[in-house]
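The values are calculated or read from the model by the stated rules, or taken from the named source; none is laboratory data. Remember, predicted model here, so these are calculated numbers, not experimental data. With ideal geometry, Cβ positions are generated from the backbone for all residues, glycine too; neighbour counts draw on all protein chains shown.
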Amino acid sequence: MNFNNVIFLMGVSGCGKSAIGELLSQRLKIPFFDGDDFHPQSNIDKMSLGEPLNDQDRYGWLVTLNKLAKQQLLNNSCIIACSALKNSYRELLSTDIKNQVKWIHLAGSFNQILERVNKRENHFMSSNLLQSQFDTLELPEDAFEVNISMTPEDIVIKTEEFLEMKSEFGLFGLGVMGKSLSRNLAQKGFNISIFNREEKGTEEDVAIKFKGAHKELESAQPFSDIKAFVNSLQTPRRIMLMVNAGKITDMVIEDLIPHLSDGDILIDGGNSNYLKTKERYDYLKTKQVHFIGVGVSGGEEGALKGPSIMPGGNKEIYNLVKPYLESIAAKDANNLPCCTYIGEEGSGHFVKMVHNGIEYVEMQLLAEVYTILKLLGNNPDNIADILKSYKTKVNSYLLGITIDILRKKDGEDWLVNKIVDKAGNKGTGNWTTIATAELGIPSTLIASALFARYTSFYKEERLLASGNFNIKPSALNLEVDAVLNAYQFARIINHYQGLKLISQAGKAYGWHLNLSEIARIWTNGCIIKSDFMIDLIPVLKEDDNILNHKSIIDQVQFLKPSINQVVSECVLKELAVPCLSESVNFLNTYSTANSSANILQAQRDYFGAHTYQRTDDASGKYHHTNWQE
């Protein structure tokens, strides 16, 4: 074995666990323990009388075997024979050691095993007792199944091949994120295969060199040949694609399909469009291959130390990759993995897309706060100090990195002063804005943040316009606490809009989404982790609409005067703050009981006969007027 594992040989009594365990122990040169030897006397007496054990009888026995496994793993691998008939039993047996457990299921028919049992002398297993075991057996999803019709020698050879020759998880693509996730998986004790393509003269031996550069990858198998990579994996194969979203993902899938078998699982860990994920899900279904779209947030460092992971697809198939994804995920305040099953089809990538949209806004808001504080006469170090003082009330990952950025010097000047003010984007903000328009959800801040980036890219035109219109922001009359309050206000609106978009998408696409769980997995490992996200977990348990919650309503009402003051002052002094201003514009629109939309509907009826409803007609009937009479 490449690293210590406990191999549980499971199956009903009489399937040959002890005999196979002894042979496998000799072959692998590791200790073997027969679970039956650890039954308390009360269990032995009960079985001798032909009475089946119940869950209470088994509990202490299973705990004892779990302790035995933990003790053995400190020094070596081991083999333990145990019936482990139920999922709950297997959960107990693998408590705290899931990543180091291998299940081997010795499977056979009732008649086949009964015939074996009857040939044994002094065996206490009656046909009724054996039938009770078959009735109790819950087939494992994550076990290597061996049919006992083979000879014991062949069973041992087959099992040894599974344990020694095959990796349990494959990483396809060794870019920044692929490398970090590979190392993360290896650090958690998983036996992995890694793949990267080769380009003569530019990219050669990428996987081999990567393995050699990191000690934790000592047991990893590196490949540049797709067929060899796929064949190195246990079935059903679990392959995570870490390649660029779009056409490259489709090309990789086509390259893999000829080498895959029915029931294999492809996991797309890139920033794919959720609609493409749905298409790939349906397409691969026709090939008898399962597909899971997984959003991964946290960047290079998060992928290595623990990202936030958002998987979507068939839940039963997700359960087959759940141990791997949950093991490498960040942990929340309660030490639970920041990974949860999101929902069906492309929901995982949709939620990651909205995560990125919220991220766009959070970044833009901090950029606007920076410009305000700069115009108040502060240099980058002063601004960093002010933002540090904000952390007691609005701490977040993005706030923290912005402080670090503002403190970075390049020679005598601050580096931020030397960076060209043109912001790029990779498309997810664009997708989110398209999705919010298609679904009819007013995620106006995400659109504003995206268009602010687009506007920034027209640097030359902006320089020309600056001269043409002579717009030069003048000194502001604001307190830094008012800026903090305005920032808090806008963040609340941002989170409301993002979560509202997820909620409505769930209804539109028939996804069963849990917004509180989504907020929980966003509390660590991801770019938008914050103290406010932690506060939203209990709020979202009560209502998907956070603006309906009293604690949020109270905060908004307290902060509203500050956002009014800050935005008004910025507009009067000609300082652009698109997301801060849109946040208050949105709330003013959202909370207006009687809006100007009656004029819009009248206009629509005038030129297009689109009809309208009347305030004095409670029936809800639609009316049309000939406006030119």
Within region 6-29, is even one residue outside any helix (DSSP H, G or I), farther than 19 Å from residue 105 by Cα and in the same structural domain as residue 137 (by TED's automatic domain parsing)? yes
Quick check on region 175-219: of everything there that is assigned to a loop (DSSP other than H, G, I, E, B), touching a residue at least 24 places away in the same chain (Cβ under 8 Å) and of a type in the set (Gly, Ala, Ser), which residue is farthest from residue 233 (Cα to Cα)? 175
Tell me the helices (runs of 4 or more DSSP H) entirely within region 347-431 that contain at least 1 residues that are of a type in the set (D, E, K, R), surrounded by 17 or more Cβ atoms within 10 Å (Cβ to Cβ) and in contact with a Cys (Cβ under 8 Å, 6 or more places away or on another chain). 347-375
Return the only residue of 541, 507 being more than 16 Å from residue 348 (Cα to Cα), in a helix (DSSP H, G or I) and assigned by TED's automatic domain parsing to the domain that holds residue 586. 541
Some residue of region 304-324 being more than 10 Å from the chain's Cα centre (by Cα), crowded, with 22+ Cβ neighbours inside 10 Å, of a type outside the set (Ser, Thr, Tyr) and within 18 Å of residue 426 (Cβ to Cβ): no
If you go through region 460-486, how many residues are of a type in the set (Val, Ile, Thr) and either modelled with pLDDT under 95 or loosely packed, with under 10 Cβ neighbours inside 10 Å (or both)? 1
When the residues of region 43-93 are narrowed to those that are in contact (Cβ under 8 Å) with a residue 60 or more places away in the chain and among the small types (Gly, Ala, Ser), which ends up farthest from residue 27 (Cα to Cα)? 50
Quick one: in region 457-501, of everything that is of a type in the set (Lys, Arg) and in contact (Cβ under 8 Å) with a residue 60 or more places away in the chain, which residue is nearest to residue 535 (Cα to Cα)? 491
Residue under question is residue 268, and the condition is that it be surrounded by 23 or more Cβ atoms within 10 Å (Cβ to Cβ), among the acidic types (Asp, Glu) and closer than 30 Å to residue 502 by Cα; does it hold? yes
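Table: residues versus (1) part of a loop (DSSP other than H, G, I, E, B); (2) more than 18 Å from residue 37 (Cα to Cα).
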site: 68; (1), (2): no, no
site: 80; (1), (2): no, no
site: 85; (1), (2): yes, no
site: 129; (1), (2): no, yes
State whether the residues of region 289-302 include one that is within 11 Å of residue 185 (Cα to Cα) and either without any contact (Cβ under 8 Å) to a residue 60 or more places away in the chain or crowded, with 19+ Cβ neighbours inside 10 Å (or both). no
